[in-house]
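Note sheet for the following structure.
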Amino acid sequence: MAVTVFSQLDKSLHEHLATLVRLASAGDDETAVELARSELPRLVAALRALLAEHSPDEHGRCPTCRSSRWSRRLPAPCRAYLGTQLALTVAAESPGRRKHLRSAV
Ligand SMILES: [Zn+2]
């Protein structure tokens, strides 16, 4: 039951994200601006919430990740934190996007 609910949520989330990417890349300028203003703050809030859950505690360990149920917390930055950082860095360094961002500054 829980798996089914998760599957539906996951599918819905991925469909929403795919729609955002499609509109951002293929939509006209007006659509892209509206999308940035309405959806970008939500995406940033979601990323911040995710990163906050994986930010190191006072012992330098991720408060969320463990290698198994009974193990100690893992050293930070954990894979979730690094994966998010990497995805954002790689996206920012893609040639077309970087040029666009630079010209906008
Ligand atoms: Zn973590």
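The values are calculated or read from the model by the stated rules, or taken from the named source; none is laboratory data. Computed from a prediction, not measured in an experiment: that's the story for all the values here. Using ideal geometry, Cβ is built from the backbone for each residue, glycine included, and neighbour counts are taken over all protein chains shown. Remember, those area values only see protein heavy atoms, side chains included, never the ligands or the DNA or RNA. Shrake-Rupley method; radii C 1.70, N 1.55, O 1.52, S 1.80 Å.
Please verify whether A76 is surrounded by 10 or more Cβ atoms within 10 Å (Cβ to Cβ), free of Cβ contacts under 8 Å to residues at least 40 places away in the same chain, within 16 Å of the chain's Cα centre (by Cα) and within 16 Å of the ligand (Cβ to nearest atom), treating the condition exactly as stated.
Judged against the criteria, A76 is not a match.
For residues in the stretch 26-58 being part of a loop (DSSP other than H, G, I, E, B) and under 20 Å from L88 (Cα atoms), which is least open to solvent (accessible area, probe 1.4 Å)?
This residue is H54.
Every residue in the stretch 32-61 that is touching a helix residue (DSSP H, G or I) at 6+ places or on another chain (Cβ under 7 Å) and near the ligand (Cβ under 9 Å from one of its atoms), please.
Of all residues in the stretch 32-61, those touching a helix residue (DSSP H, G or I) at 6+ places or on another chain (Cβ under 7 Å) come to 32, 35, 39, 47, 50-51, 54.
Answer for the stretch 32-61, where residues must be touching a helix residue (DSSP H, G or I) at 6+ places or on another chain (Cβ under 7 Å) and near the ligand (Cβ under 9 Å from one of its atoms): just H54.
Looking at the structure I just gave you, is L20 part of a helix (DSSP H, G or I), more than 14 Å from the ligand (Cβ to nearest atom) and either among the hydroxyl-bearing types (S, T, Y) or free of Cβ contacts under 8 Å to residues at least 24 places away in the same chain (or both)?
On the way: part of a helix (DSSP H, G or I): yes; more than 14 Å from the ligand (Cβ to nearest atom): yes; either among the hydroxyl-bearing types (S, T, Y) or free of Cβ contacts under 8 Å to residues at least 24 places away in the same chain (or both): yes.
Criteria met by L20.
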